[in-house]
Amino acid sequence: MRTRDMILRCYGERDGDLWVTVCVDLSLAAQAETFEAARAKLHAQIQEYVYDALVGEDKIYGSQLLARKSPLGIRAKYYLYASLSSLIQFHRDAVTLFSEVLPMQPASRPC
């Protein structure tokens with residue numbers, strides 16, 4: 001990790017037949033049939049969002065966009081999952097905590 005990297009707190013949880021992944025720090029979410037697919041969708045969404053905030057068309061609002069937090073209920077759920085995971089192991093088929101690390105200055109527009 002470089003000093004200009006951004007570490008984002010995220011979690012994924014099963015919702016019926018789908019996985020929902022949430023980026024707590026940017027208030028973004030994605031869903032798919034598998035955790036891996038939902039995480040990949042969220043990662044792509046985060047890359048596009050950060051690109052637009054830093055060098056894209058939303059650059060003038062970049063500091064506001066990168067400081068946008070999720071609603072309190074989403075943040076509370078993340079911290080509940082984080083505190084419970086230290087006491088007991090979540091069943092991987094229900095909830096997964098993870099981080100996304102992105103450079104603060106992307107070199108090119110994400111695909």
(request) Return the residue satisfying two criteria in turn: it lies in the stretch 66-76 and is surrounded by 13 or more Cβ atoms within 10 Å (Cβ to Cβ) and modelled with pLDDT of 90 or more, and of such residues it is farthest from L97 (Cα to Cα). (result) S70
(request) Would you be able to tell me the number of residues in the stretch 57-74 that are without any contact (Cβ under 8 Å) to a residue 60 or more places away in the chain, in a helix (DSSP H, G or I) and aliphatic (A, V, I, L, M)? (result) 4
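The values are calculated or read from the model by the stated rules, or taken from the named source; none is laboratory data. This is a predicted model, so every value here is computed, not measured. So basically every Cβ, Gly included, is an ideal-geometry build from the backbone, and we count neighbours across all protein chains shown.
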